[in-house]
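For reference, the structure discussed in these notes is given below.
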Amino acid sequence: MVTLENGGTYLINGTELVPDGSEAQQILSAKIPGHVSKSEAAQGTIAYRILKAHNTSDNMEKLKIRFDKLTSHDITFVGIIQTARASGLTRFPIPYVLTNCHNSLCAVGGTINEDDHMFGLSCAKRYGGVYVPPHQAVIHQYAREMLATGGGMILGSDSHTRYGALGTMAVGEGGPELVKQLLSQTYDINRPEVVCVYLTGSPQKGVGPQDVALAIIGAVFQNGYVKNKIMEFVGPGVASLSADFRIGIDVMTTETTCLSSIWETDAHIEEFYEIHGRKQDYKLLKPDKVAYYDGLIRVDLSKVKPMIAMPFHPSNTYSIEELNENLSDILADVEKRAAVSLDNAVPYSLRDKVKDGGFYVDQGIIAGCAGGGFENICAAADILKGRYIGNDGFTLSVYPASMPIYMELIKNGCAAAILETGAVLKTAFCGPCFGAGDTPANRAFSIRHSTRNFPNREGSKLQSGQIASVALMDARSIAATAANGGRLTPATDFDGTIGTYRYHFDSRIYQNRVFDSKGVADPSVPIRLGPNIKDWPAMCALPEHLILQVVSEIHDPVTTTDELIPSGETSSYRSNPLGLAEFTLSRKDPAYVGRAKDIQKAQKAVMEGRCPVEEKPELREVMEAVHSRYPDVKRENLGFGSTIFAVKPGDGSAREQAASCQKVLGGWANIANEYATKRYRSNLINWGMLPFLIEKGELPFQNLDYLFFPDIRRAVEEKADRIRGYVIGNGGLKEFFVTLGELTEEERQIILKGCLINYNRVDQ
């Protein structure tokens, strides 16, 4: 089904794979006239050519990328624009689309959400952007329909910014990276490795894009095979997939932790652009005659079965057939994993879902950028026709990804077929994917064609004794399960016909509702600021020396951004930095906020010219220990703050608030064995936080310990390979070392100045 190859590989004429090795050059010479070196062949990938076209430096190893377009939604664009405004923004220099698909339910927090929407509309007018009102489209579907271009690059402030199937290399990052683009700066990275995803065969009936995606995620996540790399989809199997099917696989590549994705294009993709009235934006993309890849993933589409990702991660994958045949063993394993993910905060078991030898679910959801596509919903409608979901506890909700898709489902009868079953058809909204809609009952089990199934992401709260859970599945098997009374059923068991429906895109829906400035800014338009929209608090530069208190210690194998700053109802406060910060780590370590604020008192005292010891008397012994070896450390050259330790933080969402909330509470650093994603590490840096790395093994410190980093500013300035720190205890200093990893010169300056806002501030 999915196999991984060790080492690199050459692809010849898009069809023949040659493993890198002693015989590779001999084979290449026989098939391709002229010598082709590995470095030359590496330039033959689609990814290389797109990166080169967008690189503004003269060095293809150290890229400085300028994107063609930007996208954000309503839990990110306020903070992004506020940051850019503080740095002198006068107009959007490239097309910037503001969608409103996350905080679409204007209920939690009173007027907060709609205030953010009106802020977005006023900014689109003032700075020359595009504003997509709530319920019109989820961010990624609008980008597919209206923004993607062959050979282009798009940067979005959402982790699932992936349009590779349409020939657009798209990257999801934290808000500060979009701020840089708005200020005509660049996205600076080392040239990423490119992994070949070689597709063969064609999917069997009942297998959908989520099944293929989950099979790949299950194979590559744990071993980091594609971490921070680009996945390039090629091979004869690509032609067997429709545009919608490719899009459904592509959007889920985020869950592999890759940096981006790109696909070869063909007539299917050309037709997609033509249907959407943008045929001129299509571009034929193929690897060169010889292309070298840093890794190889083989996917035999014909062998992929309907899949399920059990709680609490998209990589916890099984075939549905395997789960049904081994319920006892697999459920025991899920419970074991859950004990780690949930810190044993609540009892968790799925054994009560087993009845008469079958596994029964409580809820089905087909939604968002992954599940809400036209073909997914049409296939679900065909499977559900003439069936009924019943009048018991099971519910089914379907969210088309855009209003044009919704309209076409009405016209072709699929909407009626779905509604007749007792299911609910809703508008374009991302809520079910992050806990702001269709939250299940306590102890309920939901199957969803959406993007993630992290703990509590569906909306439950451990601190209130609530726990529900989500499994990821394809829309087809969700429909088959619904048609079978909630008994978990793969769609391959469906013996009816799944039809092929032609899609007609009605552009008038957007023409009549979306505000498009056509890139023309109007400085006379005032910015509408609701009472919850607050400026970022002042942040100081990195001091010469730092005393940090460890205020949270997390030993889970991976810590998600949902655990660092929960989603759901907290999303309404993302325009209020201090208000949102109150929720930091609230579902993982409820004591964090109080501890961080307590040590922050010392930093506030320093900034106000007061003695930190008077504010926090226990620091007296800490300072005495420091002065025993570093007598020149004093209030004028010393900073205080907090840090957390996590084994591997930052998996999941691109949300910058996972870092910024720590910063506004006085955080100066994270300490980790590794960072789960490039985007989380970048968020730390852009908020002036030190992304410390420490070797795996027994930690030299524990929670609530004080750490002292002498000459930390000089260490950053001088690019120190290792940074000396001390654990303060028993009146003395115990030495240990951390590193910062590679930093660009710009990243180094951002840390030194305290944050990206300070780095760019026009009045400095």
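Here A30, A24, A47, A41 are screened, and the one residue that is surrounded by 18 or more Cβ atoms within 10 Å (Cβ to Cβ) and free of Cβ contacts under 8 Å to residues at least 24 places away in the same chain is A24. Annotation note: of V212, V226, the sole residue that is at pLDDT 95 or above, among the β-branched types (V, I, T) and outside any loop (DSSP other than H, G, I, E, B) is V212. Check whether at least one residue in the stretch 598-613 is under 30 Å from F429 (Cα atoms) and outside any loop (DSSP other than H, G, I, E, B), and report yes or no. Within the stretch 598-613, not a single residue is under 30 Å from F429 (Cα atoms) and outside any loop (DSSP other than H, G, I, E, B). Listed here are the helices (runs of 4 or more DSSP H) enclosed by the stretch 707-760 that have at least 3 residues being more than 16 Å from L684 (Cα to Cα) and in the same structural domain as R681 (by TED's automatic domain parsing): 712-717. Of everything listed in (1) surrounded by fewer than 21 Cβ atoms within 10 Å (Cβ to Cβ); (2) of a type outside the set (F, W, Y); (3) on the phi > 0 side of the Ramachandran plot, the single unmet condition for T257 is (1). Name the single residue, out of those in the stretch 354-409 being free of Cβ contacts under 8 Å to residues at least 60 places away in the same chain and of a type in the set (V, I, T), that is farthest from G172 (Cα to Cα). Looking at residues that are free of Cβ contacts under 8 Å to residues at least 60 places away in the same chain and of a type in the set (V, I, T), I get V354. Against the test of being in a helix (DSSP H, G or I) and either surrounded by 16 or more Cβ atoms within 10 Å (Cβ to Cβ) or in contact with a His (Cβ under 8 Å, 6 or more places away or on another chain) (or both), the options S660, S653 yield a single qualifying residue, S660. Checking each residue in the stretch 667-689 for being of a type in the set (D, E, K, R) and in a loop (DSSP other than H, G, I, E, B) picks out only E674. Number of residues in the stretch 706-755 that are closer than 20 Å to E553 by Cβ and polar (S, T, N, Q) equals 2.
Restrict the check to the stretch 53-68 and report whether at least one residue is in contact with a helix residue (DSSP H, G or I) (Cβ under 8 Å, 6 or more places away or on another chain), of a type in the set (A, V, I, L, M, F, W, C), within 30 Å of K180 (Cα to Cα) and part of a strand (DSSP E or B). Yes: one or more hits. Figure legend. Inter-residue proximity from the stretch 695-718: first residues surrounded by fewer than 18 Cβ atoms within 10 Å (Cβ to Cβ), second residues among the polar types (S, T, N, Q) and in a loop (DSSP other than H, G, I, E, B), beta-carbon distance below 6 Å, spacing 6+ or different chains. Indicated pairs: K696/N673. Scoring T71 on the criteria (1) surrounded by fewer than 18 Cβ atoms within 10 Å (Cβ to Cβ); (2) touching a Phe, Trp or Tyr at 6+ places or on another chain (Cβ under 9 Å); (3) part of a strand (DSSP E or B); (4) not charged (D, E, K, R) leaves a single failure, condition (1).
Could we say that Y348 is within 20 Å of V220 (Cβ to Cβ), surrounded by fewer than 22 Cβ atoms within 10 Å (Cβ to Cβ), of a type in the set (F, W, Y) and not assigned by TED's automatic domain parsing to the domain that holds A30 here? Answer is no for this residue. For the stretch 501-552: of the residues being part of a loop (DSSP other than H, G, I, E, B) and of a type in the set (K, R), which is nearest to N576 (Cα to Cα)? Here the answer is K534.
The conditions are (1) within 20 Å of A436 (Cβ to Cβ); (2) of a type outside the set (G, A, S); (3) in a helix (DSSP H, G or I); (4) touching a residue at least 40 places away in the same chain (Cβ under 8 Å), and L578 fails exactly one of them. Which is it? L578 satisfies all of (1) within 20 Å of A436 (Cβ to Cβ); (2) of a type outside the set (G, A, S); (3) in a helix (DSSP H, G or I); (4) touching a residue at least 40 places away in the same chain (Cβ under 8 Å) except (1).
K461: surrounded by fewer than 24 Cβ atoms within 10 Å (Cβ to Cβ), touching a residue at least 12 places away in the same chain (Cβ under 8 Å) and either within 20 Å of I389 (Cβ to Cβ) or aromatic (F, W, Y) (or both), yes or no? It is false that K461 is surrounded by fewer than 24 Cβ atoms within 10 Å (Cβ to Cβ), touching a residue at least 12 places away in the same chain (Cβ under 8 Å) and either within 20 Å of I389 (Cβ to Cβ) or aromatic (F, W, Y) (or both). Scanning the stretch 553-575 for residues that are of a type in the set (V, I, T) and not in a loop (DSSP other than H, G, I, E, B) returns I554, T559, T560, T561, T570. Could you list, in sequence order, the residues of the stretch 93-103 that are touching a helix residue (DSSP H, G or I) at 6+ places or on another chain (Cβ under 9 Å) and either small (G, A, S) or surrounded by fewer than 24 Cβ atoms within 10 Å (Cβ to Cβ) (or both)? Passing the criteria: P93, I94.
The values are calculated or read from the model by the stated rules, or taken from the named source; none is laboratory data. What you see is a predicted model, and the numbers here were worked out from it, not measured in a lab. All Cβ positions, glycine included, derive from the backbone under ideal geometry; neighbour counts span all protein chains shown.
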